[in-house]
Amino acid sequence: MNARIWLEHALLAMALALALAAVLEWSRIPGALRALLTIVAGASIVGLIALVVNHVRFPFNIDIMESVVLQHARRALHGEPIYPTPTPQFVPLAYNALLYIVAVPFLRIFGDTLTTLRMVSVIGLAASAIAIFVLVRDATRSGWWGIIATGMFCAAYPVMDAYLDSAHSDAWLLCCALWGTYLVGRSSRPARISGIFVLIAGFWFKQHGAVFTGVGLLYLTWREGIRGSVVYWLCAAVFGGALYILAPGTLLGADFHYFTWYVPGGWSELSGRTFYRVTLYVAAYYPLLALAALAGVYRSVRANRIGILDAQLGAAFVTAIMGSLDPGSSYNVLIPMGAFCIVRGSIELAQLSERVFPRFRLHPALIVTLMAFATLFRDPRPYWLPVAAARTAYADLLDTVRALPGTVYAPSVGQFVSGPMLYPAAHWIAVEDIMRGPRRSAADSALARRLIDPARHPKGVAFLITNRPIATLSAPVSELASSYTLVQDFGNRFAVLQPLPRPFNTGFPRYLYRSTSAGAPANGH
């Protein structure tokens, strides 16, 4: 969102508030604003539910990596190593393993489909929304403010890169970070121990969860002292550090550490762009909520009453910076930061209204809250997917592949969820991840290129289906341009299979190439 659109939305919110002031008596304005905010929050919640129902039924990938994520979950379902030595048939992604393991019973009961895997993410999304409601309600002693915060979270779905209902671990990382924070802040010691376990689980969904675990441990050590916090550190050492070190085995596979530690560790690149990206994102979508949240933290520090939410807000910003160290990351790495800005910011707005503006009966705080909603709002129509048309197009794509007289490699698909088998099936993101980053070796690049060798040196006729012209793709897939010639541009024939809109537009299956190697002449098919 650029500055002009942000300003338009903020001015719209102010205009609504001024319009209420013009037509209502002063004493009735706060009630009208509360009613308006309730309607906006309710509409945001209902709107997200509608989008989720629409998305879970989509027959193709709503995110470009979903089919590969399902491959991981299927391997766990069948007791195969999730992180085996990579081959042209399967290259693991760099995420931690818990999502695939948690998905196993769901896949076994409801079928190993993208719909089932998305529903697993939806459970994490729903649990995150409930956690936000509970955290804000308990801190403000107001169910209404809990609903408003939940509504802002739902309104932020596009701002959070529309990742929370796709087949990824982001929703569960956020769920664990929020509920772990809630439990760590309880007065009961068993609850705090449970909170550490939940935060550790967040790490096993996605590596950035380690930051929330570490901050939770430091907070409890500060509050209870070294002796009182030994049990927390012991839990983290055993179920976090030791289990991670000893994890490779039959289920996780011999290359678990390679893909979950070495590969993502090579992406980091500290530059001015890292902080610029986070700052610009906050300024575009969370300016008021972030300012309110930081004001609340400042008050807590001044009063020497730092709470777990203050600490975990800092952890969320750390994860945002860590994610932005990778120039190729999407904006899903900023999801926890946004969620904790909503939680801490909503709490501060509620407290600020009662403390500073009691005579106005929450009037100024409500205007700021309405403006915060405005900065999060985006047109939902691009996120509504044409499910029926996509089913027809997907069947057409499968028939097109079946009719090709040779092997087919679709680097943006990896492997179809159902239908004809592709070979090789190495997804371009998984392959690129191995060789990208400032600290990659020649051996990493050589490995990545070997994984697509069956497409580079096919034994017979081979075809390539890409979303964009080969030469515009990233290495090593772009290097296949010299070995293939364009056979057909499908145009918009499969356009309805486009994933959800994101800053990195990945396109849809469009270009058909045929190999030019010996035994596979380029004179048609």
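Taken together, the values in this text are just the output of simple stated rules run on the coordinates, not laboratory data. Owing to the predicted nature of the structure, the values given are computational and were not obtained by experimental measurement. Note that we place each Cβ from the backbone using ideal geometry, even for glycine, and neighbour counts take in every protein chain shown.
Once you charge only the Cβ atoms, +1 for Lys and Arg and -1 for Asp and Glu, what is the size of the charge dipole of the stretch 386-515 about its Cα centre, to the nearest 20 debye?
Dipole size: approximately 120 debye.
Rounded to the nearest Å, what's the spacing between the alpha carbon centres of the stretch 303-342 and the stretch 235-295? Just the number, please.
Cα centroid of the stretch 303-342 versus Cα centroid of the stretch 235-295: 10 Å apart.
At 222 nm, what value in deg cm²/dmol follows for the chain if DSSP H runs of at least 4 each add -39500 (n - 2.57) and the sum is divided by all its residues, to the nearest 500?
-18500 deg cm²/dmol
For V408, which sequence-distant residues (separation of 5 or more, or a different chain) have an amide H within less than 5 Å of its own amide H, given hydrogens modelled in the peptide plane?
Close amide H contacts, sequence-distant or interchain: Y423, F463.
Could you give each residue of the stretch 259-269 its phi-based ³J(HN,Hα) in whole Hz, using Karplus coefficients 6.51, -1.76, 1.60 with θ = phi - 60°, and x for Gly or Pro?
The phi angles translate into 7, 9, 10, 5, 4, x, x, x, 7, 5, 8 Hz.
What's the local net charge at T407, with K and R +1, D and E -1, over the other residues with C-beta under 15 Å away?
+3
Measure out, as a whole number of angstrom, how far apart the alpha-carbon centroids of the stretch 27-76 and the stretch 151-203 sit.
Each part's Cα centre sits 16 Å from the other's.
Please work out whether the stretch 363-447 counts as rounded, prolate or oblate from its C-alpha gyration tensor, where a ≥ b ≥ c are the square roots of the eigenvalues and a/c under 1.5 means rounded, while otherwise a/b larger than b/c means prolate and anything else oblate? It would help to have the intermediate numbers written out before the result.
On the way: a/c = 6.06, a/b = 1.50, b/c = 4.05.
Taking the square roots of the gyration eigenvalues as a ≥ b ≥ c, the stretch 363-447 is oblate.
Let me make sure I get this right: for the stretch 187-226, a, b and c are the square roots of the gyration tensor eigenvalues over alpha carbons, sorted descending. Under 1.5 in a/c it's rounded, otherwise prolate if a/b > b/c, else oblate. Which is it?
Details: a/c = 3.80, a/b = 1.57, b/c = 2.42.
It is oblate, given that a/c is not under 1.5 and a/b is not larger than b/c.
Can you bin the stretch 178-257 into rounded, prolate or oblate? Criterion: square roots of the alpha carbon gyration tensor eigenvalues sorted a ≥ b ≥ c, rounded for a/c under 1.5, prolate for a/b above b/c, oblate for the rest.
prolate
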